[in-house]
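Inspection log for the structure reproduced underneath, given as structure tokens.
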Amino acid sequence: MLNLLGFNDANLKPFEERFASSISIRGDVATVKGTLEEVDSIEKIFKEMTYVLNTTNKLKQEDVSTIIDLTLNGRDIISNEDYNSIVLYTKKDVIKAKTETQLEYVKAMNSFDICFGIGPAGTGKTYLAVAFAISQLKKGVVKKIVLARPAVEAGESLGFLPGDFKEKIDPYLRPLYDALQDMLPNEQLKNYMERNIIEIVPLAYMRGRTLNNSYIILDEAQNSTNNQMKMFLTRIGPNSKALITGDITQIDLPKKVESGLILVKKILMDVDGVGFVFFKKADVVRHKLVKDIIQAYEKYNGGESENRS
């Protein structure tokens, strides 16, 4: 924030000279009060400033004046496509949609109260979901983030794992911690978690709760049963949104138990307010070999992904 605003908020001075609107900063949230037209322009200028800072690692008062001039003259530093694809700015990077399906996913998260992201490993389903949830928290759209995962035993028995219940369950929740640590400074993440502003829980712990003003993510949803899926979806209270991610080719449930993620496609596909985005192996953004591995498995299985692995 210091780099964005400059020493003694020097980068806000061009705003004072060009706009009648007032700008106040508290923490990492900027509040702008003024006419709708000015507020829209200032919001766009701040986004352009953030983009420049994250791509060049510097931002001077003269740069801000140039950005204001360009914006007011209808010219953009970043294209509308890039602008719409940006999900979250972090100290390390700009998190943005990298494929057409990821961009569709970001638009769906903005448009639907319940959104499903379904597809193979490495397509950024969970990472973008967590980034979007953090962006909503920072903007004040929601007051809490809850991330849940089914603690399905993928070839191991929890009873044989060392430690107490928390230590046994942590490995299943670790990918969510990893994503959060990529996006938030350690102290801020620790503060959020201590105050329960961000909560990571096994899916079973969601039963009986009603979550208001929250962004709720269910990861690895292919390992939820039909009853668990229904239970999760009915936790949503006023001003809350839910995002469900999963890969139906990686189901670890017992063979006679049908995945709630497979059933929910049939049940909710035509319900207003619910969106589905389907990723393909072409959307894989991990190591280039991941895409080849997925393709090799599909070829081995006769050209079609298995519903179990």
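The values are calculated or read from the model by the stated rules, or taken from the named source; none is laboratory data. Since the structure is predicted, the reported quantities are computational estimates derived from the model, not experimental observations. Virtual Cβ from ideal backbone geometry, glycine too; neighbours counted across all protein chains shown. Remember, those area values only see protein heavy atoms, side chains included, never the ligands or the DNA or RNA. Shrake-Rupley method; radii C 1.70, N 1.55, O 1.52, S 1.80 Å.
Just to be sure before I move on: is Asp178 open to solvent by 60 Å² or more (accessible area, probe 1.4 Å), closer than 27 Å to Glu100 by Cβ and not in a loop (DSSP other than H, G, I, E, B) in the structure I sent? Yes: the conditions hold for Asp178. Can you go through Met206, Met269, Met229 and tell me which one is under 22 Å from Asp113 (Cα atoms), out of contact with any Pro (no Cβ under 9 Å at 6 or more places or on another chain) and without any contact (Cβ under 8 Å) to a residue 24 or more places away in the chain? The conditions single out Met269. Number of residues in region 41-74 that are of a type in the set (Asp, Glu), open to solvent by 80 Å² or more (accessible area, probe 1.4 Å) and more than 22 Å from the chain's Cα centre (by Cα) equals 1.
Among residues of region 212-221 being open to solvent by 10 Å² or more (accessible area, probe 1.4 Å) and under 18 Å from the mean Cα position of the chain (by Cα), the one that is modelled with the highest pLDDT is Asn213.
Between Ala10, Ala20, the distinction of being open to solvent by 60 Å² or more (accessible area, probe 1.4 Å) and more than 30 Å from Ile236 (Cα to Cα) belongs to Ala20 only. Would you check which residues across region 104-126 are out of contact with any Asp or Glu (no Cβ under 8 Å at 6 or more places or on another chain) and of a type in the set (A, V, I, L, M, F, W, C) and list them? Once the filter is applied, which keeps residues that are out of contact with any Asp or Glu (no Cβ under 8 Å at 6 or more places or on another chain) and of a type in the set (A, V, I, L, M, F, W, C), region 104-126 yields Val106, Ala108, Met109, Phe112, Ile114, Cys115, Phe116. With the condition kept exactly as written, say whether any residue in region 194-208 is in a strand (DSSP E or B), at pLDDT 90 or above and either more than 25 Å from Lys138 (Cβ to Cβ) or aromatic (Phe, Trp, Tyr) (or both). No - not one qualifying residue is present in region 194-208.
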